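Since the structure comes first, as structure tokens, the remarks are kept for the end.
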Amino acid sequence: MALQTQLPQLRSLATQKGMSYWGWLFIIAVFGFCLTVVSKMGPAYIDAHYVEEGLVALSEKDNIREMSNTEIKRELDRFFTINNVRGQPTQAVKIVRGADSTLVSINYELRQPLFQNVDVVMKFDKQLNTAKPELCCEPLVDLEQFRRDDR
């Protein structure tokens, strides 16, 4: 009698064979796609992290208002060189002086080819306003609005 009660369990275990070939192929394809996306987009986000750290380091200096635009760019370039940030972020530094504050903006767009004719466009906008250094790195001023008004 005990053998008859165990027989359905044995049949059920015999029919379980694991994941099929197509299941494994799907898992490997998804993993490969995720790995490709991370390897293509990861460096841009690492650079954006260092851009933010550079602005935070700049905000901790007491004499930003007295520094010239060239000195501010030199400080950021030194930080970017140490942290191996190259390309778009280093060229996108804009400094706008106001009556009571200085705005350092690093606003850039990066296009990264993903595969064949598919590109990923990433936008980064980091700002340091010396009037509100505690709000470092979040865009407070829309510089595009100023450019539109100048035309």
Within the stretch 62-81, can one find any residue that is among the charged types (D, E, K, R), under 18 Å from the mean Cα position of the chain (by Cα) and more than 17 Å from GLN112 (Cβ to Cβ)?
no
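Filter the stretch 33-44 down to the residues that are surrounded by 12 or more Cβ atoms within 10 Å (Cβ to Cβ) and farther than 11 Å from ARG86 by Cα and list them by number.
Those that are surrounded by 12 or more Cβ atoms within 10 Å (Cβ to Cβ) and farther than 11 Å from ARG86 by Cα: PHE33, THR36, VAL37, LYS40, MET41.
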Condition first: of a type in the set (Phe, Trp, Tyr) and buried (at least 17 other Cβ atoms within 10 Å of the Cβ). Now tell me which residues in the stretch 99-132 satisfy that.
TYR108, PHE124
Hey, does the stretch 97-105 have a residue that's in a strand (DSSP E or B), among the hydrophobic types (A, V, I, L, M, F, W, C), over 30 Å from LEU35 (Cβ atoms) and out of contact with any Cys (no Cβ under 6 Å at 6 or more places or on another chain)?
yes
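Just wondering, is there one or more residues in the stretch 134-148 that are at pLDDT below 90, among the basic types (Lys, Arg), in a loop (DSSP other than H, G, I, E, B) and exposed (fewer than 13 other Cβ atoms within 10 Å of the Cβ)?
No.
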Could you list, in sequence order, all residues of the stretch 69-89 that are closer than 17 Å to ALA44 by Cα and among the hydrophobic types (A, V, I, L, M, F, W, C)?
PHE79, PHE80, ILE82, VAL85
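The values are calculated or read from the model by the stated rules, or taken from the named source; none is laboratory data. Owing to the predicted nature of the structure, the values given are computational and were not obtained by experimental measurement. Neighbour counts run over all protein chains shown; Cβ positions are idealised from the backbone, glycine included.
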